[in-house]
Amino acid sequence: MLRVTAIDPSDGARARRADRETSARADDHRALRLWLRLLTCTQLLERHMRNLLRLRFGTTLPRFDLMSRLERYPAGLKMKELSHHLMVTGGNVTGIVDQLVRERLVERLPEPGDRRAFRVRLTRGGDEAFGKMARAHEEWIVSVLSGLSRKEHAELFRLLAKVKSHALETTERKDGA
């Protein structure tokens, strides 16, 4: 069972290091501690990427993700497809697209055969802006993961693939029951 570890706010160093993993105890199930470690690593990396995108490019991670998805689909995507790819609601996508249209980074195009739908795609300026962000993002990720050797990268990749595969099998069985 997970127990919450209280952190004394007067202990500044420990409070700065507080994360999901600090709530685990040595006697908690190993799988729970591993889950908390994975979650903590994900949150630390995501927070770091959010900060760098904001500081260097004045943008947000959701905007970067949306542009990244559109970069992979040069002909664009319908709004419904875009929200499906990003795993967010259509309302979230609409707000981001509206901002990017105003900044001329994406454009809306009519969808032939469906007057109610339109496609969203990167403009030339959006493609150039995203290219700069993507190169910087890759450098940041390489830097953050440079503490691991090539062999450790391969092993971690293999192990996470195994976790992903088993998680998909397990959740599909439970969801289908």
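The values are calculated or read from the model by the stated rules, or taken from the named source; none is laboratory data. Quantities reported herein were computed from a predicted structural model and do not represent experimental measurements. Reconstructed Cβ throughout: ideal geometry from the backbone, glycine too, with neighbour counts over all protein chains shown. For accessibility, only protein heavy atoms count, side chains too; no ligands or nucleic acids. Shrake-Rupley method; radii C 1.70, N 1.55, O 1.52, S 1.80 Å.
Here are a few things to note about the model shown:
- Sequence-distant residues sharing a close amide H with VAL106 (under 5 Å, placed H): VAL101, THR123
- Diffusion coefficient, µm² s⁻¹, Stokes-Einstein with Kirkwood Rh over alpha-carbon pairs of the range 70-126 at 25 °C and 0.890 mPa s: 217
- Estimated translational diffusion coefficient (Stokes-Einstein, Kirkwood radius over Cα pairs, 10 °C, 1.306 mPa s) of the range 84-177: 91 µm² per second.
- Overall shape of the range 137-177 was characterised from the C-alpha gyration tensor. The equivalent ellipsoid obtained from it has semi-axes of 30, 12, 5 Å, in decreasing order.
- The residues of the range 45-172 have, on average, 71 Å² of accessible surface per residue, using a 1.4 Å probe with all protein chains present.
- Share of carbon and sulfur in the accessible heavy-atom surface of the range 88-161 [1.4 Å probe, %]: 55
- At an R0 of 22 angstrom, the distance between the Cβ atoms of LEU145 and ASP65 translates into a FRET efficiency of 0.70.
- Alpha-carbon centroid distance for the pair the range 24-94 / the range 125-160, whole angstrom: 14
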